[in-house]
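Enquirer: I have a structure here, written as structure tokens, and I will follow up with some questions on it.
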Amino acid sequence: KDDRRLRRLAESRIDNREEVRADHRRIRQAEIISTIEEEERRQEGLELEEQDEDAMAERRRQLKEKLLQREQEEALPQEEEEEEEEEEVEEESEYETDSDEEYTGVAMVKPVFVPKSERDTIAERERLEAEEEALEEGRKRRLEERRIETKQIVVEEIRKDQEIQKNIELEANIADVDTDDEINEAEEYEAWKVREISRIKRDREDREALLKEKEEIERVRNMTEEERREWERKNPKPSQSSKQKWRFMQKYYHKGAFFQSNPDDRAATVGTDNIFARDFSAPTGEDKMDKTILPKVMQVKHFGRSGRTKWSHLVNEDTTDWNAP
């Protein structure tokens, strides 16, 4: 209580508290700040910065002059140095303060971490370039070796072909050709005569059968209805083998045209083995199952696979346009 400074501090705190309360109770209203005022403030800030830069330049100039003066004083005798020791102390203190003021506004660059894999030094760059050159040299050397090797292979193949051709020409002999057709001309002539007589006889029989069929057709055409029915009763047509009924969606397998004298004839086979008389229209594997009991969506080929079809069979999906001209 006896200290005047403490009393002034307490009174200032009480006054500040009252001002804060009054400011808190006052109703705030929006203040409109014109752009002109903002521009004036910005201009003032720029002028202050320029003045600061001028002051910094002036301080730097003074520091340089003091440093030059100090160098000159060091060349003087020791007696003069002792007399001016106090002035040097003051100059040093001013130099320190000025240097502190000079570097207060310097912006420090933020350090950025560079990974080791991305660091590129001169030694590393030279090493990488040397490795690339070595790889390029190795590639060129391999290409040259491959080219030489290919040329050697081609030359070797040509040489082998020439040797084979030469051996064939040397080993070739006219006596090796089979020219014994004229050894026994009598037997060859008799065999040809038998073949020619058989061919003539076969052609004559075919012509006679064709003429006989035409005459029979003409005679049947000239018959009356009663005569024709009597002739059909005495000469019935050969019964054709009934075609087996296939199952629903049964797969078709061709019987094959090999080892058959007449592929169009269903029962014609050359051999007597049972495999030649097998009925290839019989169902096998999945075709033995009755597919009519399956749901409609499953009555397609390859159901459930990517290559399935949306058609069951052609009869069910007949798209013929009968109204077309």
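The values are calculated or read from the model by the stated rules, or taken from the named source; none is laboratory data. It should be emphasised that the depicted structure is a prediction, and the values quoted were computed from it without experimental measurement. So basically every Cβ, Gly included, is an ideal-geometry build from the backbone, and we count neighbours across all protein chains shown.
Enquirer: So, E144, is that one among the acidic types (D, E) and modelled with pLDDT under 90 or not?
Expert: In short, no.
Enquirer: Kindly provide the set of residues from the range 292-325 that are in contact with a Ser or Thr (Cβ under 9 Å, 6 or more places away or on another chain) and within 23 Å of H254 (Cβ to Cβ), ordered by number.
Expert: Selection gives V300, K301, H302.
Enquirer: Then there's this: I'd like the full set of residues that are in a loop (DSSP other than H, G, I, E, B) and surrounded by 10 or more Cβ atoms within 10 Å (Cβ to Cβ), limited to the range 291-308.
Expert: Result: L294, Q299, V300, K301, F303, R308.
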